[in-house]
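Q: Would you mind keeping the following structure in view while I ask a few things?
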Amino acid sequence: MSERSRGRSRDKSSFEDWMPKTRLGKMVMEGRVTSIHELFREGYKIKEVEIVDFLVPELKDEVIDINLVQKQTDAGERSRFQAIVAVGNGEGLIGLGIGKARRVRNAIEKGIREGSFYKLLEKDIEEGRGYYLERVPPEIREGTDYLSYYLEEFVSSKRKELGIGEA
């Protein structure tokens, strides 16, 4: 799995031009919320992309699938692209997003923006990481990145489950 960062990594000083539009955004900007885990515990709905950028600065994304989708109209067909994107920080947070646009790049960017984190997976990933660190000796861990391997396997199984792409 190749990891890329699409300009989502920003330091907190670059948020000076961000004007929060929601109450949650204002709470994050004031420093009353300091972790994305607090948002999960309280059940807040994240409506601004900048909130995630602010709380989780090191996000990476992986394009899972790109499809050409067509709609029949009176004048013919209207073609759009659908991108399914996995977004995560490599430390227990993972999200999936689906974006549709006329251009592939725009569909991918929309998928990244609209990717929502799954707090249920977060617990499983943390539990698996703890088990991995507890059971696998450091000599073996240094030789191979098993976590990336199993994350790749997870994405592959989700592809099969959703019936997309060749997995």
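Q: Around residue 60, which amide H atoms from residues at least 5 apart in sequence, or from another chain, sit under 5 Å from its own amide H, with H modelled in the peptide plane?
A: Distant-sequence amide H within range of residue 60: 88, 89.
Q: Among the listed pairs 71/160; 45/71; 26/60; 47/160; 47/110; 21/110, which have their C-alpha atoms separated by more than 21 angstrom in this model?
A: Cα-Cα > 21 Å for 71/160; 45/71; 26/60; 47/160; rest within.
Q: Separate question: For residue 104 and residue 27 in one chain, what is 0.36 nm times their gap in residues minus the Cα-Cα distance, to one decimal in nm?
A: 24.3 nm
Q: Between residue 153 and residue 79, what is the label-to-label distance in nm when each label sits 7 Å out along the Cα-to-Cβ direction?
A: 3.8 nm
Q: Could you give the length gained on full extension between residue 140 and residue 34, defined as 0.36 nm per residue of separation minus the Cα-Cα distance, in nm?
A: 34.7 nm
Q: Could I have the simple spin-label model distance between residue 133 and residue 48, label points 7 Å from Cα toward Cβ, reported in nm to one decimal?
A: 3.2 nm
Coordinate-derived values only; no laboratory data. The structure displayed is predicted, hence computed values, not measured ones. Using ideal geometry, Cβ is built from the backbone for each residue, glycine included, and neighbour counts are taken over all protein chains shown.
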